[in-house]
1. If I ask for residues that are part of a strand (DSSP E or B), within 15 Å of D71 (Cβ to Cβ), under 12 Å from the mean Cα position of the chain (by Cα) and among the small types (G, A, S), which ones from the stretch 1-40 would you list?
2. Starting from the stretch 42-56, keep only residues that are under 14 Å from F66 (Cα atoms), then list their pairs with residues that are among the β-branched types (V, I, T) and assigned to a loop (DSSP other than H, G, I, E, B) whose Cβ atoms are within a distance under 6 Å, requiring at least 6 positions of separation or different chains.
3. Which residue pairs have Cβ atoms closer than 9 Å, lie 6 or more positions apart in sequence or on different chains, and pair a first residue in the stretch 59-86 that is within 15 Å of L3 (Cα to Cα) and without any contact (Cβ under 8 Å) to a residue 40 or more places away in the chain with a second residue that is of a type in the set (G, A, S) and buried (at least 16 other Cβ atoms within 10 Å of the Cβ)?
4. Right, Q38: surrounded by 13 or more Cβ atoms within 10 Å (Cβ to Cβ) and under 17 Å from S105 (Cβ atoms) or not?
5. Hey, could you check the stretch 54-101 for residues that are among the acidic types (D, E) and in a loop (DSSP other than H, G, I, E, B) and say which is surrounded by the fewest Cβ atoms within 10 Å (Cβ to Cβ)?
6. Going through the stretch 78-95 one residue at a time, which ones are closer than 23 Å to Q25 by Cβ and in contact with a Phe, Trp or Tyr (Cβ under 7 Å, 6 or more places away or on another chain)?
7. For the stretch 41-53, which residues satisfy the criterion of being outside any strand (DSSP E or B) and either loosely packed, with under 13 Cβ neighbours inside 10 Å or touching a Ser or Thr at 6+ places or on another chain (Cβ under 8 Å) (or both)?
8. Just wondering, is there one or more residues in the stretch 14-35 that are open to solvent by 50 Å² or more (accessible area, probe 1.4 Å), touching a helix residue (DSSP H, G or I) at 6+ places or on another chain (Cβ under 9 Å) and not β-branched (V, I, T)?
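The values are calculated or read from the model by the stated rules, or taken from the named source; none is laboratory data. None of these values were measured; they are calculated from a predicted model. Virtual Cβ from ideal backbone geometry, glycine too; neighbours counted across all protein chains shown. We work out accessible area using only protein heavy atoms, side chains counted, and drop any ligands, DNA or RNA first. Shrake-Rupley method; radii C 1.70, N 1.55, O 1.52, S 1.80 Å.
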Amino acid sequence: VQLMESGGGFVRPGGSLRLSCLADQHIADIDIMAWYRQTPGKERELVATIQPLGTTKYSKSVENRFTISRDNPRRTIYLQMNDVKPEDTATYFCFQGGNHLYNPSWGQGTQVTVSA
């Protein structure tokens with residue numbers, strides 16, 4: 001499954017941004033889909049996960065500010081980022097955890113920069 005992220009860019013602190021991740025295959029039976037982020041010199045960090053029926057989990061650093069969602073018919077997952085902070089600056093990656101048909105895979109990433 002190939003994943004393509006979009007929606008990154010520059011945003012002021014306190015602002016909002018929505019990231020999208022479009023898959024080239026159906027995602028309805030892919031168990032885990034997720035957003036990760038990474039800054040130079042640091043390990044990739046899990047931001048949020050979502051299961052097929054909508055169960056979500058978030059890292060402490062983004063809980064109550066970010067919302068992950070998935071639209072299975074559109075083969076897309078989203079990350080709504082609200083009240084962003086400079087420490088949210090990173091490259092954001094989409095991930096799908098695979099299933100009996102597909103191996104896990106990553107998108108190429110989209111840059112988010114939060115600065116005044």
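1. Hits for the stretch 1-40 are S6, S20.
2. What qualifies is V47/V62; T49/I32.
3. Correct list of pairs: empty, since none qualify.
4. Working: surrounded by 13 or more Cβ atoms within 10 Å (Cβ to Cβ): yes; under 17 Å from S105 (Cβ atoms): yes.
Yes.
5. Step one: filter the stretch 54-101 for residues among the acidic types (D, E), giving 63, 71, 83, 87-88.
From the residues that got through so far, the ones that are in a loop (DSSP other than H, G, I, E, B) too are 63, 83.
Values: E63: 10, D83: 13.
Of everything passing the filter in the stretch 54-101, E63 is surrounded by the fewest Cβ atoms within 10 Å (Cβ to Cβ).
6. Hits for the stretch 78-95 are L79, Y92, F93, C94, F95.
7. Narrowing the stretch 41-53 to residues outside any strand (DSSP E or B): 41-44, 51-53.
Hits for the stretch 41-53 are G41, K42, E43, L53.
8. No, every residue in the stretch 14-35 fails to be open to solvent by 50 Å² or more (accessible area, probe 1.4 Å), touching a helix residue (DSSP H, G or I) at 6+ places or on another chain (Cβ under 9 Å) and not β-branched (V, I, T).
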